[in-house]
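Peer 1: The structure is given below, and queries will be raised subsequently.
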Amino acid sequence: MTDHLTIATWNINSVRLRMPIVEKFLSEQAPDVLCLQETKCPDANFPEGAFRKLGYEHLAINGQKGYHGVAIASKRPLSDLERRDFCGKGDARHLAVSVPFGGDQVRVHNFYVPAGGDEPDREINDKFGHKLDFMAEMQAWLIGAEATRPAVVVGDLNVAPYEHDVWSHKALLKVVSHTPVETELFEAIRTGGDWVDAMRQIVPMSDKLYTWWSYRAKDWNAADKGRRLDHVWLSRPLAGALKETMVLREARGWEKPSDHVPVIAVLEA
């Protein structure tokens, strides 16, 4: 029997503030697994009841008050929960679980990589240094055993790696998220572990592809100055299961939206 697993990732920018649009998304799209970033609430305040009411009985949470935070809501059982403390800062930026799929277990890693501040120079900007150190730690880990089993890396990775992942490659070369030092490290992580960029498996490199539009734009849709900051990577053993991906652009226009939109990947076994 064919098994379909639908995984969605979304930087929600405060899960409690935006619960109405989370409920809208889950009601309309009904993914099997939803990975959230920037939930901005401690574990005890996470709106578990709202998720369970919609059929998401299985929850894994790694939160903190007012900042960061990641969570996974699932219709399928979750096991082997892991929270990795990157850079030893105590930030809630990673959560991993195992999810049943096709008679096996898929390891799902949910990441919220540091944004890196405004100045792409670690000598004058500690936030940028933290981002690079975080990514270096990811690299050391994700080129090892994690890449050799059925696994998915999703989340707000805060890097737009390719020319058409930003509205203007030339204009953003010195802007944090698209600087060469970030994009080269990002690609070194992905290729070093032989991770497959699921979105670009479906959408040609020549096509523009965004998941984030700034709140600063008066009309985000007309300006369309987006970046692809949210990603889905598949380990090589899982790559053949990919059927489709989707960016729910319309969610950026919902009431009280996040500046990110959901990305959905469908796997088939």
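Every residue, every condition in (1) among the hydroxyl-bearing types (Ser, Thr, Tyr); (2) assigned to a loop (DSSP other than H, G, I, E, B); (3) surrounded by 15 or more Cβ atoms within 10 Å (Cβ to Cβ), yes or no:
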residue: 171; (1), (2), (3): no, no, no
residue: 178; (1), (2), (3): no, yes, yes
residue: 188; (1), (2), (3): no, no, no
residue: 204; (1), (2), (3): no, yes, no
residue: 216; (1), (2), (3): no, yes, no
residue: 238; (1), (2), (3): no, no, yes
residue: 245; (1), (2), (3): yes, no, yes
residue: 252; (1), (2), (3): no, no, yes
residue: 255; (1), (2), (3): no, yes, no
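Peer 1: Just to be sure, is residue 137 part of a loop (DSSP other than H, G, I, E, B), modelled with pLDDT of 95 or more, over 14 Å from the mean Cα position of the chain (by Cα) and among the acidic types (Asp, Glu)? Before you say what the answer is, go through the steps one by one.
Peer 2: Details: part of a loop (DSSP other than H, G, I, E, B): no; modelled with pLDDT of 95 or more: yes; over 14 Å from the mean Cα position of the chain (by Cα): yes; among the acidic types (Asp, Glu): yes.
So residue 137 fails the test.
Peer 1: Residue check: is residue 74 hydroxyl-bearing (Ser, Thr, Tyr) and over 26 Å from residue 237 (Cβ atoms)?
Peer 2: Details: hydroxyl-bearing (Ser, Thr, Tyr): yes; over 26 Å from residue 237 (Cβ atoms): no.
The answer is no for residue 74.
Peer 1: When region 7-18 is examined, which residues are found to be touching a helix residue (DSSP H, G or I) at 6+ places or on another chain (Cβ under 8 Å) and surrounded by 15 or more Cβ atoms within 10 Å (Cβ to Cβ)?
Peer 2: Looking only at region 7-18, we keep the residues that are touching a helix residue (DSSP H, G or I) at 6+ places or on another chain (Cβ under 8 Å), and these are 8, 10, 12, 15-16.
Within region 7-18, 8, 10, 12, 15 qualify.
Peer 1: How many of the residues in region 25-47 are more than 20 Å from residue 66 (Cβ to Cβ) and under 19 Å from the mean Cα position of the chain (by Cα)?
Peer 2: Here is the first cut: in region 25-47, the residues more than 20 Å from residue 66 (Cβ to Cβ) are 25-35.
Imposing the further condition that a residue be under 19 Å from the mean Cα position of the chain (by Cα) reduces the set to 25-26, 29-35.
The total comes to 9.
Peer 1: For residues that are in a helix (DSSP H, G or I) and out of contact with any Leu (no Cβ under 6 Å at 6 or more places or on another chain), scanning just region 190-200, find the one that is surrounded by the fewest Cβ atoms within 10 Å (Cβ to Cβ). Break it down stepwise before answering.
Peer 2: To start, the set of residues in region 190-200 that are in a helix (DSSP H, G or I) comprises 190-192, 198-200.
Still in the list and also out of contact with any Leu (no Cβ under 6 Å at 6 or more places or on another chain): 190-192, 199-200.
Working: 190: 21, 191: 11, 192: 14, 199: 21, 200: 19.
Once the filter is applied, the top-ranked residue is 191.
Peer 1: Suppose we keep only residues that are touching a Leu at 6+ places or on another chain (Cβ under 8 Å) and surrounded by 24 or more Cβ atoms within 10 Å (Cβ to Cβ) within region 98-108. Which one would you say is farthest from residue 160 (Cα to Cα)? Quick ask: steps written out before the conclusion?
Peer 2: First, the residues of region 98-108 that are touching a Leu at 6+ places or on another chain (Cβ under 8 Å): 98-99, 101-102, 106.
Right, trim to surrounded by 24 or more Cβ atoms within 10 Å (Cβ to Cβ) and you get 99, 106.
Values: 99: 28, 106: 26 Å.
Ranking the qualifying residues of region 98-108, first place goes to 99.
Peer 1: Which ones in region 220-236 are aliphatic (A, V, I, L, M) and either part of a loop (DSSP other than H, G, I, E, B) or surrounded by 19 or more Cβ atoms within 10 Å (Cβ to Cβ) (or both)? Lay out the reasoning, then the answer.
Peer 2: Within region 220-236, the first condition is being aliphatic (A, V, I, L, M), and the residues that meet it are 222-223, 229, 232, 234.
Passing the criteria: 229, 232, 234.
Peer 1: Same structure again: Against the conditions (1) of a type in the set (A, V, I, L, M, F, W, C); (2) buried (at least 22 other Cβ atoms within 10 Å of the Cβ); (3) at pLDDT below 95, where does residue 154 fall short? Just the number, please.
Peer 2: Condition (3) is where residue 154 drops out.
Peer 1: Still on this model: Residue by residue through region 39-87, note down the ones that are at positive phi and either at pLDDT 95 or above or surrounded by 15 or more Cβ atoms within 10 Å (Cβ to Cβ) (or both). Steps first, please.
Peer 2: At the first step, the residues of region 39-87 found to be at positive phi are 40, 55, 66, 68-69, 80, 87.
Once the filter is applied, which keeps residues that are at positive phi and either at pLDDT 95 or above or surrounded by 15 or more Cβ atoms within 10 Å (Cβ to Cβ) (or both), region 39-87 yields 40, 55, 68, 69, 80, 87.
The values are calculated or read from the model by the stated rules, or taken from the named source; none is laboratory data. None of these values were measured; they are calculated from a predicted model. Virtual Cβ from ideal backbone geometry, glycine too; neighbours counted across all protein chains shown.
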